[in-house]
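Heads up, the thing below is written out as structure tokens.
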Amino acid sequence: MEEIEITELCPDIWAINEMDKVTMYLINGTKTALLIDTGLGITDLKKVITDKCGEKRVMVINTHAHLDHNSGNNQFDTVYVGRFDEPYSHIPVGEQERRIMQEYYIDQIPVCETARQKWAPGIAGKVKTLKDEDIIDIGKYVFKVLEIPSHSIGSIALIEEHFQWVFTGDVLLTWEAWGHLGPGMLSPSVTLKEYRESLRKLTHYINEETKIFPSHGKRDNPHSCTQYILPSEIVYIYLEGITKIIDGKWTGDFYSCEFHDGLVKKFDVGGIVYDKSRIG
């Protein structure tokens with residue numbers, strides 16, 4: 001497996017896949033290039049941007065402040081993040097987080113020794129904040145920021161309404177999304193009721209033609225349009241599933257991992273890992 005796989009999804013959009021662990025997206029506007037997330041920090045992102053977009057200004061946005069999405073921030077002078085995740089974007093990587101990242105990401109990669117040597121997460125020179133309904137005009141493409149507290153308290157989605165694109169970070173996945181992360185991890189999650197409200201908010205910006213771009217995708221998932229694009233119906237699948245959990249109609253099975261114990265409930269597409277004490 002190549003360490004980095006770059007796939008052109010359509011004119012002006014590339015998926016940057018780091019070893020099938022996490023996906024970043026690069027959009028080439030006429031004025032500015034936009035990089036969504038900086039991944040595990042093992043990719044020379046500036047070289048990728050120059051190769052695909054030429055010598056132009058780049059705006060870098062983190063969908064949320066977790067290490068598999070912002071470990072490459074130290075390659076850039078300025079990075080933007082949702083205002084409620086901003087405090088977590090200045091915290092150096094601790095020993096617990098480093099160990100978990102290596103165990104669950106770096107050490108599982110076939111070329112793990114190379115990846116481990118390259119993995120040097122760091123903080124951006126400056127971190128600036130984005131808030132609900134901020135507009136990002138990169139030329140030809142105009143994105144709206146949508147605050148969707150869920151997987152993290154400061155998670156944001158980026159919506160291009162004309163082209164019907166929605167970049168959702170870790171809110172929606174083709175396997176289990178995390179409905180809770182404990183205080184030991186950067187930027188904890190919200191309650192399931194708050195998660196549901198964010199999904200309801202998201203439904204106002206989608207239709208049958210909307211393409212959902214998640215940060216993690218499986219090559220062999222039959223419900224994906226591609227590894228990098230999900231149908232908009234996944235928003236309603238998650239909304240229905242979380243509602244049934246909240247209403248007590250569904251209960252997940254026991255789930256345990258390094259982070260903490262919880263429950264997992266699989267949906268027709270994806271699913272959620274959650275803490276029954278944090279329904280809301």
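What follows draws every value from the coordinates through simple rules; no lab data is involved. On a predicted model such as this, the values are computed, not experimentally measured, just so you know. Ideal geometry is used to build each Cβ from the backbone, glycine not excepted, and the neighbour counts take in all protein chains shown.
Test of understanding: ordering V264, V79 by Cβ neighbours within 10 Å, fewest first, what list do you get? Walk me through the intermediate numbers first.
Details: V264 18, V79 25.
Listed from fewest to most nearby Cβ atoms, that is V264, V79.
Quick one: dipole size for the chain, taken about the Cα centre, charges +1 on Lys/Arg Cβ and -1 on Asp/Glu Cβ, in debye to the nearest 20. It would help to have the intermediate numbers written out before the result.
On the way: 30 positive and 42 negative charges, 96 e Å.
Charge dipole, the chain, about its Cα centre: 460 debye, nearest 20.
Sorted by packing (mean other beta-carbon atoms within 10 Å per residue), highest first, where do 24-33, 48-57 land? If you can, show how the numbers build up before the last one.
Values: 24-33: 19.9, 48-57: 14.6.
Descending packing order for the listed peptides: 24-33, 48-57.
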Taking Cα centroids, how far is region 132-168 from region 1-66 in Å?
16 Å
Give me the net charge for the shell around V127: Cβ to Cβ below 11 angstrom, other residues only, Lys and Arg +1, Asp and Glu -1.
0
Region 126-280 - share of DSSP beta bridges that are antiparallel (%, nearest 5)
75 percent
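Quick one: order Y274, Y205, Y88 by neighbouring beta-carbon count within 10 Å, fewest to most.
Values: Y274 26, Y205 16, Y88 21.
Lowest to highest Cβ neighbour count: Y205, Y88, Y274.
Quick one: compute a quarter of the convex hull surface over the Cα atoms of the chain and quote it in nm². Can you show the working numbers first?
Values: hull surface 53.5 nm².
Taking the Cα atoms of the chain, their convex hull projects to 13.4 nm² on average.
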Rounded to whole Å and sorted largest first, what semi-axes of the equivalent ellipsoid does the C-alpha gyration tensor of region 152-216 yield via the square root of 5 times each eigenvalue?
23, 12, 10
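Please compute the net charge surrounding W178, taking Lys and Arg as +1 and Asp and Glu as -1 over other residues with Cβ under 11 Å from its Cβ. Don't skip to the end; give the middle numbers.
Working: positive: none; negative: D170, E176, D275.
Here the charged neighbours net out to -3.
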Gain upon complete extension [Y205, K128; 0.36 nm per residue less C-alpha separation]:
25.2 nm
